[in-house]
Amino acid sequence: MAAISNTAATVSAARSRNNAQRTYRSDSPYQQRTTQRDNPTQMLIKQAVDHLIRQLEAGKSEALTAYLAAMARFHNYSFGNILAIARQKPDATRVAGIRTWNEMGRFVKKGEKGIQILAPMLGYRRNRKEAEASAESETKPQNVLIGFRVVYVFDLSQTEGADLPEMEHSVSGTVGEHRERLIDFLGQQNIALEFSEKIAPALGVSYGGKIALLPGQSKAEEFTTLVHETAHELLHKAERRTMTTATVRETEAEAVAFIVGQAIGLEMDKSSSDYIQLYHGNAALLAESLEVIQRTSAVILGAIQPEAPATESETVAEVA
């Protein structure tokens, strides 16, 4: 029996490695273009992911925790900028440009180095025919994304001055109204929720259109379990389900639960950060996985935190 078990484990590991080495197709705008000229955000992501892999290969598993924590704190930012902030200042908690900090009565300390991120540039781009047609019809051209530019933001710890008000979303270990809002969100997505002792010892199960939870969990544990299963419902359907291993899908859902739980103030177990080793140094797969984790957690947080903090565009607009 031991020989059979070892053989099965070897086959499973080989399959996992093969899956990790496959080339994955992504809907991500960051991974559809490969040159810095076409999409500088792609280079930003590559630098951050390569840095993360080096940290993990050096045994610094806390590096992933810092990235996931950044996703929790800056979920209104783009994926590339979240990675950039986490790479340059893993302990950042609140960032803004110099002008914004000055308006809040705070000033950047002498000698502090800014955190480099990318801000979108909007403008008018049209050919001669479109310009002539617009002149004849007297219609105003619409703003379009014409590129990105480097801007610098600074973390709260890099500034000094007037005290800031407490962040609205600091919950300190209680779920509050987030549970009810998450359940409402599931209803809007036509995902049924039930409680069943039959799923034990599992805490939660996702069936595709239905989630079952084990009764008797603490409120915090039940909430994070529900987020975990919601992540499965949003992430792991159809094509993506066939393109990833079961272990990767489980750890993606766990990462989403970590981000959402931390964002609302729950004390989260950080052991899930070691899951990144499953990618065997495959930067492309790691980047895709981190991005879908960020997008999914942002969707859930947007649903349970209706009064979200300022968006990224509002943060970087003042450095225009």
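The values are calculated or read from the model by the stated rules, or taken from the named source; none is laboratory data. Note that this is a predicted model, so its numbers are computed, not measured. All Cβ positions, even for glycine, are placed from backbone atoms using ideal geometry, and neighbour counts span all protein chains on display.
At least 1 residues being surrounded by 19 or more Cβ atoms within 10 Å (Cβ to Cβ) is the threshold, and among the helices (runs of 4 or more DSSP H) wholly inside segment 177-246 those reaching it are 178-188, 219-235.
Results for (1) touching a Gly at 6+ places or on another chain (Cβ under 7 Å); (2) buried (at least 22 other Cβ atoms within 10 Å of the Cβ); (3) touching a residue at least 12 places away in the same chain (Cβ under 8 Å), shown as yes or no for each residue.
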position	(1), (2), (3)
ALA70	no, yes, yes
ASN76	no, no, yes
PHE79	no, yes, yes
LEU83	no, yes, yes
PRO90	no, no, yes
ARG106	yes, no, yes
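The set of residues in segment 267-288 being surrounded by fewer than 23 Cβ atoms within 10 Å (Cβ to Cβ) and at pLDDT 65 or above consists of GLU267, MET268, HIS280, ASN282, ALA283, ALA284, LEU286.
Within segment 172-194, is there a residue that is polar (S, T, N, Q), at positive phi and modelled with pLDDT under 90? Checking segment 172-194: at least one residue is polar (S, T, N, Q), at positive phi and modelled with pLDDT under 90.
Which one of these is at pLDDT 75 or above, over 20 Å from GLU252 (Cα atoms) and not assigned by TED's automatic domain parsing to the domain that holds ARG295: GLN47, GLN36?
On inspection, the qualifying residue turns out to be GLN47.
On inspection, VAL256 passes the criterion of being buried (at least 19 other Cβ atoms within 10 Å of the Cβ), closer than 27 Å to ILE115 by Cα and modelled with pLDDT of 75 or more. Would you point out the residue of segment 241-266, among those that are without any contact (Cβ under 8 Å) to a residue 24 or more places away in the chain and among the charged types (D, E, K, R), that is nearest to GLU291 (Cα to Cα)? Checking each candidate, the answer is ARG249. Which residues, taken from segment 289-314, are in contact with a helix residue (DSSP H, G or I) (Cβ under 7 Å, 6 or more places away or on another chain), at pLDDT below 85 and not in a loop (DSSP other than H, G, I, E, B)? Matches in segment 289-314: GLU312 only. Looking at segment 108-126, which of the residues that are of a type outside the set (D, E, K, R) and touching a Ser or Thr at 6+ places or on another chain (Cβ under 9 Å) is surrounded by the fewest Cβ atoms within 10 Å (Cβ to Cβ)? If we take residues in segment 108-126 being of a type outside the set (D, E, K, R) and touching a Ser or Thr at 6+ places or on another chain (Cβ under 9 Å), then PRO120 is surrounded by the fewest Cβ atoms within 10 Å (Cβ to Cβ).
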